[in-house]
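Participant: Please read through the structure below; I'll follow up with questions.
The values are calculated or read from the model by the stated rules, or taken from the named source; none is laboratory data. What you are looking at is a predicted structure, and each value in this text was computed from that prediction instead of being measured. Neighbour counts are summed over all protein chains in view; Cβ atoms, including those assigned to glycine, are modelled from backbone coordinates with ideal geometry. When the accessible area is computed, the model is the full protein with side chains, heavy atoms only, and any ligands, DNA or RNA have been set aside. Shrake-Rupley method; radii C 1.70, N 1.55, O 1.52, S 1.80 Å.
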Amino acid sequence: MIRVMYRWTINPGDEEQFIEHWKGGTHQIQSHCEGAYGSFLIHSRKNPAQYFGVARWESREAWKAAQPIIIGLKLPGPLPETTEFYDELADMPGEHPRKSELP
């Protein structure tokens with residue numbers, strides 16, 4: 001398993017549209033590309049214009065094989081400025097604490 005981290009810098013006022021494009025594009029990729037196992041989007045507090053998408057892929061080969069399909073989908077929104085690859089070493093999904101258990 002690998003994780004791929006993408007970075008975008010979004011102009012003020014374009015944030016909501018970018019997030020909607022990201023959601024739709026992520027759904028399209030998962031629907032059309034073998035080996036795409038989900039993604040999440042995070043936002044930088046240090047630099048509010050920066051957004052990072054972290055996608056989970058079966059392998060770098062699956063990611064490479066999906067690229068022509070992704071291009072063919074003609075997804076709206078900006079292309080990522082950077083793409084970085086990381087090997088997934090462990091995954092420990094947790095449960096969210098109940099509100100009543102929060103301090």
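Participant: Gln30 to Gln17: extension gain in nm, 0.36 nm per residue of separation minus the Cα-Cα distance? Please report the intermediate quantities before stating the final value.
Facilitator: Values: separation 13, 0.36 × 13 = 4.68 nm, distance 2.00 nm.
Contour length minus Cα-Cα distance gives 2.7 nm.
Participant: I would also like to ask the following. May I ask which residue of His27, Gln17, Pro80 lies farthest towards the positive end of the charge dipole of the chain, with charges of +1 (Lys, Arg) and -1 (Asp, Glu) on Cβ and the Cα centre as origin?
Facilitator: Ranked along the dipole, the leading option is Gln17.
Participant: If you split all Cα-Cα distances of the chain into 10 Å bins from zero, what percentages do you get per bin, shortest first?
Facilitator: Going out from 0 Å in 10 Å bins, the chain shows 13, 42, 30, 13, 2 percent.
Participant: Here's a follow-up. At Ile71 and Phe40, where each label point lies 7 Å from the Cα along Cα→Cβ, what is the point-to-point distance in nanometres?
Facilitator: Label-label distance for Ile71 and Phe40, simple model: 3.2 nm.
Participant: If Lys and Arg each add +1 and Asp and Glu each add -1, what is the summed charge of the other residues whose beta carbon sits under 10 Å from the beta carbon of Asp91?
Facilitator: Details: positive: Arg3, Arg56; negative: Glu88.
Overall, the nearby charge balance is +1.
Participant: Mind checking which of Ser44, Gly94, Ala55 is farthest towards the positive end of the chain's charge dipole, using Cβ charges of +1 (Lys, Arg) and -1 (Asp, Glu) about the Cα centre?
Facilitator: My answer, from the dipole projection, is Ser44.
Participant: Mind grabbing the base-10 log of I(q)/I(0) for the stretch 1-61 at q = 0.20, 0.28 Å⁻¹? Debye formula, identical points on the C-alpha positions, no solvent, two decimal places.
Facilitator: The Cα Debye sum returns log10 ratios of -0.77, -1.18.
Participant: Could you give the distance between the Cα centres of the stretch 29-44 and the stretch 58-94, to the whole Å?
Facilitator: That distance is 7 Å.
Participant: If you roll a 1.4 angstrom probe over the protein chains with everything in place, what fraction of the accessible area of the chain belongs to carbon and sulfur, to the nearest %? Could the numbers behind the result be given before it?
Facilitator: Details: 4150 of 7690 Å².
After summing per-atom areas, the C and S share lands at 54 percent.
Participant: To the nearest 20 Debye, how big is the dipole of the chain about its Cα centre, given +1 on the beta carbon of each Lys and Arg and -1 on that of each Asp and Glu?
Facilitator: That gives the chain a dipole magnitude of about 140 debye.
Participant: Still on this structure, please answer the following. How much area per residue is accessible in the chain when the probe is 1.4 Å and only protein heavy atoms are counted (Å²)? Provide the component values of the computation, followed by the final result.
Facilitator: Details: 7690 Å² over 103 residues.
Result: 75 Å² per residue.
Participant: Show that you can apply the helix-only estimate: for the chain, add -39,500 (n - 2.57) for every DSSP H stretch of four or more residues, divide by all residues, and state [θ] at 222 nm to the nearest 500. Don't skip to the end; give the middle numbers.
Facilitator: Numbers: 2 runs with 32 residues, N = 103.
For the chain, the value works out to -10500 deg cm²/dmol.
Participant: Only Lys, Arg, Asp and Glu count, each charged at its Cβ (+1, +1, -1, -1), so figure out the dipole size of the stretch 22-79 about its Cα centre, rounded to 20 debye.
Facilitator: Computed charge dipole of the stretch 22-79: roughly 300 debye.
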